[in-house]
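Read the structure below first, then the notes.
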Amino acid sequence: MRGFIDETVLVVSSGNGGAGAVSFRREKFVPKGGPDGGDGGRGGDVLFRVKQNVKTLSHLTMKHAWRAENGEPGKGGNRFGKDGSPVIIEVPPGTVIKDPDTGEILADLTQSEGDFVFLKGGIGGKGNRNFKSSVNQAPRYAQSGKPGEERRIKVEINLIADIGFVGFPNAGKSSLLDALTNARPEIAPYPFTTKVPNLGVLSVRGETLVLADIPGIIEGAGEGAGLGFKFLKHISRTKALAFLIDGSDSRAPETFPLLLNELRRYGSGLSGKPRVVIVTKTDLPESAAAFEELKKSLPEETVLPLSSFTREGLETVALTFLKLAEGQPL
């Protein structure tokens, strides 16, 4: 997912209401007709539209000011002004709208799809026909339309996925995503190949799961080292986690507690999410040995072997992901 943008600052404005009209009925045989000024149209709203097929905020980076249309003024003959069109901002599920100065959450768009009105347009002013009375048969005034609202906001994405991949760089997360889904993440035998989150869709037993490959964790990420906060926030909304451990790494036995500690430091309930531990690259002798060692040292965890190269263990991993997503015990 090249060009992944996970936050941006926008200025959004709803439309002003149109002014009411001052008008009087004037026809050939009605020389002194009454007031017939129509009401002004309502200003357009600022509307956020949540769409499943939108994955990033990159489409918002070239335009930082979004404004709805103003309502049109009323007209004579009791004709109302046309309402202004809303401005529609498309965002992915999991988008959060914040005050950029205080960090206050203004809206949390977690629904799968739908529209959310963030700012309402101004109400149109009433035309002079509304002010006719027994003591004022010919009012020569009308209301101005109410102004719209304007706000500077910060828009962020927290990815919503069923399973989030957690691991140190080069642990095999991208390879697993590639093997299970139609995603095509960049894969290479050096650390930090994945610099942005990648999403893939896994179909298993008639069900569809969204998998998220998050950039590799480094020690201290939970306290913000490197891009710690930037990518750890993306797994805060996953249903479950898959800890991927490179079995060929000499640090394999100590990797799981290190990863778990980083999640505890970050908080947001990450360390308490349902999880599975996957030992990768088990087609290599040292990885197979590491799997057996980890299985013994982590009796309370579900530890699975996997080789994305030979695809051994892939089906078991997919079925385990389905159980985690459905809240079933492993």
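The values are calculated or read from the model by the stated rules, or taken from the named source; none is laboratory data. Please read these numbers as outputs of a predicted model, since none were measured by experiment. Cβ sites come from the backbone with ideal geometry, for glycine too, and all protein chains shown count toward neighbours.
For first residues located in region 98-111 and over 9 Å from residue 153 (Cβ atoms), partners that are in a loop (DSSP other than H, G, I, E, B) and lie 6+ apart or on another chain with Cβ distances below 8 Å form the pairs 109/93; 109/94; 110/93; 110/94; 110/160; 110/237; 111/93.
Among the residues of region 49-64, just one is part of a strand (DSSP E or B) and of a type in the set (Lys, Arg), namely 49.
Filtered by the rule that a residue be small (Gly, Ala, Ser), within 16 Å of residue 38 (Cβ to Cβ) and in contact with a Lys or Arg (Cβ under 9 Å, 6 or more places away or on another chain), region 113-146 gives 124, 125, 127, 142, 145.
Could you tell me which residue of region 10-48 is surrounded by the fewest Cβ atoms within 10 Å (Cβ to Cβ), considering only residues that are in a strand (DSSP E or B) and modelled with pLDDT of 95 or more?
Filtering region 10-48 for residues in a strand (DSSP E or B) gives 10-13, 24, 27, 30, 35, 46-48.
Cutting the leftovers down to modelled with pLDDT of 95 or more gives us 10-13, 46-48.
Working: 10: 20, 11: 12, 12: 24, 13: 20, 46: 28, 47: 20, 48: 20.
Checking each candidate, the answer is 11.
Listed by position, the strands (runs of 3 or more DSSP E) enclosed by region 65-169 that each have at least 3 residues that are more than 13 Å from the chain's Cα centre (by Cα) and over 30 Å from residue 320 (Cα atoms) are 65-67, 114-119, 150-157. When the strands (runs of 3 or more DSSP E) confined to region 235-330 are screened for residues that are buried (at least 18 other Cβ atoms within 10 Å of the Cβ) and among the β-branched types (Val, Ile, Thr), those reaching at least 3 such residues are found at 275-280. Pick from region 253-275 the residues that are of a type in the set (Gly, Ala, Ser) and out of contact with any Lys or Arg (no Cβ under 6 Å at 6 or more places or on another chain): which of them is modelled with the lowest pLDDT? Applying the filter and picking the extreme gives 268.
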